[in-house]
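Structure first, then comments.
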Amino acid sequence: MIIDVHRDANCGCCKDWISYLEDNGFAVRDHVERNMRSVKQDLGVEPRLASCHTGVINGKFVEGHVPVAQILELRKRSDQLGIAVPGMPAGSPGMEHGDAKHAYEVIGLTRSGQDEVLAKYP
């Protein structure tokens, strides 16, 4: 499965998320961008959902440190424009630092523009 990942050149956690995806069987096309805000706007990522990097799979956005399980589920959801883990929560994929784990949600953005909580971690 191929995913395009758009990121800033200086973001280390973005590289960690890419490694996580590759370790889970994804083929990643890595795009280093100068203007991530523009990329996010073009893909329809709402500012409230923003994180440091943006993936695209099958025309849908994957914003931030989203776990593989939700990316796989997104493929089955025709009602979703994309999914996001807003911010950069400790313990999310690519944000593992020692024992720190913060609770976070995976949010789906529906075609009607509504947020939907799709999963909660941990």
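The values are calculated or read from the model by the stated rules, or taken from the named source; none is laboratory data. None of these values were measured; they are calculated from a predicted model. Neighbour counts run over all protein chains shown; Cβ positions are idealised from the backbone, glycine included.
Points to keep in mind about this one:
- Any chance Met88 is in contact with a Cys (Cβ under 9 Å, 6 or more places away or on another chain), over 19 Å from Lys40 (Cα atoms) and in contact (Cβ under 8 Å) with a residue 12 or more places away in the chain: no
- Consider segment 42-73 and keep the residues that are more than 11 Å from the chain's Cα centre (by Cα) and not small (Gly, Ala, Ser). The one that is farthest from Ala119 (Cα to Cα) is Asp42.
- When the criteria are applied in full, Asp79 fails the requirement of being of a type in the set (D, E, K, R), modelled with pLDDT under 95, surrounded by fewer than 17 Cβ atoms within 10 Å (Cβ to Cβ) and more than 15 Å from the chain's Cα centre (by Cα).
Residues checked against (1) free of Cβ contacts under 8 Å to residues at least 24 places away in the same chain; (2) of a type in the set (Val, Ile, Thr):
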{"residue": "Ile3", "(1), (2)": "no, yes"}
{"residue": "Asp8", "(1), (2)": "no, no"}
{"residue": "Gly12", "(1), (2)": "yes, no"}
{"residue": "Asp16", "(1), (2)": "no, no"}
{"residue": "Gly25", "(1), (2)": "no, no"}
{"residue": "Arg37", "(1), (2)": "yes, no"}
{"residue": "Asp42", "(1), (2)": "yes, no"}
{"residue": "Cys52", "(1), (2)": "no, no"}
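- Once segment 1-25 is narrowed to residues that are aliphatic (A, V, I, L, M) and outside any helix (DSSP H, G or I), the residue that is nearest to Gly94 (Cα to Cα) is Val5.
- Lone unmet requirement of (1) under 22 Å from Leu118 (Cβ atoms); (2) surrounded by fewer than 17 Cβ atoms within 10 Å (Cβ to Cβ) for Ala9: (1)
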